[in-house]
Amino acid sequence: MQITTKILDAVKQSTQCLIVASFDGGKLSAAANAINVADARQLETLLKREKFDGRTAQSLLLLIPQGIAADRLLIIGFGAQDKQGNVSADNFRKALQKIADALKSTPCSEISIVLGDVSVADKDAEWQARQAVEILIASQDRADSLKSKPAEPSFVLSKVTLGFPKANATAAAKGIKIGQAIASGVSLARILGNLPGNICTPTYLASEAKKLARGQSLLSVKVLEEKAMQELGMGSLLSVSAGSDQPAKLIVLEYKGGNKKDAPIALVGKGITFDTGGISLKPGAGMDEMKFDMCGAASVLGTFKTLVELQPAINVVGVVAASENMPNGNATKPGDIVTSMAGLTIEVLNTDAEGRLVLCDALTYTERFKPKAVIDIATLTGACVVALGNHASGLFSNNEALAQGILKAGQAAHDRAWQMPLWDDYQKQLDSNFADIANIGGPAGGSITAACFLSRFTKNFAWAHLDIAGTAWLSGGAKGATGRPVPLLVQYLLDNQ
Ligand code: BES
Ligand code: MN
Ligand code: ZN
């Protein structure tokens, strides 16, 4: 998709579809007003007749607009304006998400959006352009690659022009560039997330990681096999893959855009390509959604895709712990005690709490890179979905500056996280009679005790954990991976160049 910015003249712009804003109370943006004036105030009359009041994401598509050069005119409501005339970031995004929906039955492939007329509270033109690009590109993602006859999509965008005034041209161009790179990372994370477990195996994830590095001088990828993990003493990780015919893989990515001496930031992803629960088998209903249990890994790979496109001057390490969680005859049993790479023994009281078992060894492995910060990303607990729903990722950290940096990045990227406690009070729930630590902490505060488990393995570095069980995918009619938290991760990395 070709995306550019220029100064748009709403009346003269020739385009397949011109998109302009209106606001609460049917208030017209400058562009909408210019069109109204050019057509003897017909637009005003029409909007009144159609009871168009400019509320958020309301839309009206005119197929034969009068008095302007555009083939079609789409008016979108951006909702309430504050005293300064700003709309909210949420409403801005909702309004832009409406575009694909409003045009889905048209053959438009080229659109022009007058965005300079809309100002967003606490956000600049770069943010607006970036969000618009992320939303428009995501709207084109299809999830039907495995249908034998995918439906012929009607609305396929090939060219988008974002209208901004001259003063904002540089900011908008920058937003477009970053937005495009984030959108490719998000798309990759969504594609991998949506793939079924019989295709997206640990081996598949490893080959996708290698593909990312092909022809890239700044990115290298290596894959550790089970034998190498055995030699490193990763008894915890290997206890998860024990019950599966698919071998586990530890995928290590190194992006070196910064100085040799600069300590890297490490991203560690949970890559359970299917989570049956193991011997502590999950109930059948909805179990298909456990193909999404590798979305943490997918967000790491997506973030590296964005890094390769943007080539920022930073060093980043990625470690993906990829495994299936299956219940065959070799599977780990409840009560089994395994020894982690860090030397701590773990009583596996529930084989369905497998994410922490693969992550603890991956986190220990990450120490060798002497990272300045480590962020793990995992679809770790159903309890996190209960606590925060689908809007915020759960954030836990042993370092307040790191936590604040991640929260800020989430706000800026509109891919938000919410901090949860990691107090010592919760740690005793993990006591075991037979080993150093148990892998479950009972029903109370399940997402917190999961984070507490990981905290036992992260004492030597600044660490944060993102529980994305609620944010990585949607269920129901819109079932599918979201690509989160790629925007947050990229923002955090760019903030720390
Ligand atoms: N992958 C799941 C977490 C999950 C569950 C994510 C539902 C999204 C929706 C994880 O491996 C798991 O099974 N966690 C258990 C932990 C429990 C056994 C302590 C859970 O959340 O039930
Ligand atoms: Mn599980
Ligand atoms: Zn899991």
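The values are calculated or read from the model by the stated rules, or taken from the named source; none is laboratory data. This one's a predicted model, so the numbers in the text were calculated from it and none came from an experiment. Quick reminder, even Gly has a Cβ in these numbers, built from the backbone with ideal geometry, and neighbours come from all protein chains shown. We work out accessible area using only protein heavy atoms, side chains counted, and drop any ligands, DNA or RNA first. Shrake-Rupley method; radii C 1.70, N 1.55, O 1.52, S 1.80 Å.
Net charge around T273, counting only other residues with Cβ within less than 11 Å of its Cβ (Lys, Arg = +1; Asp, Glu = -1)? Overall, the nearby charge balance is 0.
Near N398, the amide H atoms lying under 5 Å from its own belong to W463; only residues 5 or more places off or on other chains count, and H is placed 1.01 Å from N. On a per residue basis, the stretch 353-497 carries 37 Å² of accessible surface, using protein heavy atoms and a 1.4 Å probe. Surface composition of the stretch 307-455: carbon and sulfur make up 54 percent of the accessible area, probe 1.4 Å. The charge dipole of the chain, taken about its Cα centre with unit charges on the Cβ atoms of Lys, Arg (+1), Asp and Glu (-1) only, comes to about 1360 debye.
From the alpha carbon centroid of the stretch 1-76 to that of the stretch 418-486 is 48 Å. The Cβ shell under 12 Å around D141 holds other residues with a net charge of 0, Lys and Arg each +1, Asp and Glu each -1. Once C-alpha pairs closer than 8 Å and six or more residues apart are averaged by separation and normalised to the residue number of the chain, the relative contact order reads 14 percent.
Summary of packing: across the peptides 238-248, 279-289, 336-346, the per-residue average of other C-beta atoms within 10 Å ranks them, highest first, as 238-248, 336-346, 279-289. Among the trypsin sites (Lys or Arg not before Pro) in the stretch 52-99, which ones are in a DSSP loop with at most 11 other Cβ atoms within 10 Å of the Cβ? Mind listing them? Filter output for the stretch 52-99: K83.
Below 8 Å, C-alpha to C-alpha, sequence gap of six or more: please give me the relative contact order for the stretch 277-407 in percent.
30
Charge dipole of the stretch 203-325 (Cα centre as origin; +1 on each Lys and Arg Cβ, -1 on each Asp and Glu Cβ, all else neutral): 500 debye, rounded to the nearest 20. Pairs from the table (K98/K166; K211/K408; K51/K94; K98/K270; K123/K177) lying more than 28 angstrom apart at Cα are K211/K408; K98/K270. Residues in the stretch 93-108 carry Karplus couplings, in order, of 5, 4, 5, 6, 5, 6, 4, 4, 5, 5, 9, 5, 9, 9, x, 4 Hz; the curve used is 6.51 cos²θ - 1.76 cosθ + 1.60 with θ = phi - 60°, and Gly or Pro positions show x. Phi-derived couplings, Karplus 6.51 cos²θ - 1.76 cosθ + 1.60 at θ = phi - 60°, listed residue by residue for the stretch 172-186: 5, 4, 5, x, 5, 5, 5, x, 5, 5, 5, 4, 5, x, 4 Hz, with x used for Gly and Pro.
Per atom type, the stretch 82-159 shows carbon and sulfur on 48% of its accessible surface, probed at 1.4 Å. Here's how it looks for E324: its modeled amide H is under 5 Å from those of T273, which are all 5 or more places away or on a different chain. Restricting to DSSP H runs of at least four residues, report the calculated mean residue ellipticity at 222 nm for the chain, -39500 (n - 2.57) per run over all residues, nearest 500 deg cm²/dmol. Value at 222 nm, helices only: -10500 deg cm²/dmol.
Relative to the longest principal axis of the Cα atoms of the chain, helix 355-366 runs at roughly 90 degrees.
Could you look at the stretch 176-306 and say what percent of its accessible area is carbon and sulfur, using a 1.4 Å probe and all protein chains? For the stretch 176-306, the apolar C and S fraction of the accessible surface comes to 53 percent.
Amide H contacts of I314 (H built 1.01 Å from N, in plane; Pro and chain starts excluded): G257, G258 sit under 5 Å, all sequence-distant by 5 or more or on other chains. In the chain the Cα-Cα distances spread across 20 Å bins starting at 0 as 24, 50, 23, 4, 0 percent of all pairs. Per-residue packing, averaged as other Cβ atoms within 10 Å, sorts the ranges 250-257, 147-154, 479-486, 162-169 into the order 479-486, 250-257, 162-169, 147-154, beginning with the highest. Note down the net charge around A21, summing +1 for each Lys or Arg and -1 for each Asp or Glu among other residues with Cβ under 12 Å from its Cβ. Overall, the nearby charge balance is 0. Residue by residue, the stretch 60-71 carries 3J(HN,Hα) couplings of 9, 9, 9, 7, 10, x, 9, x, 10, 7, 5, 5 Hz when phi is fed to the Karplus relation 6.51 cos²θ - 1.76 cosθ + 1.60 (θ = phi - 60°); x denotes Gly or Pro.
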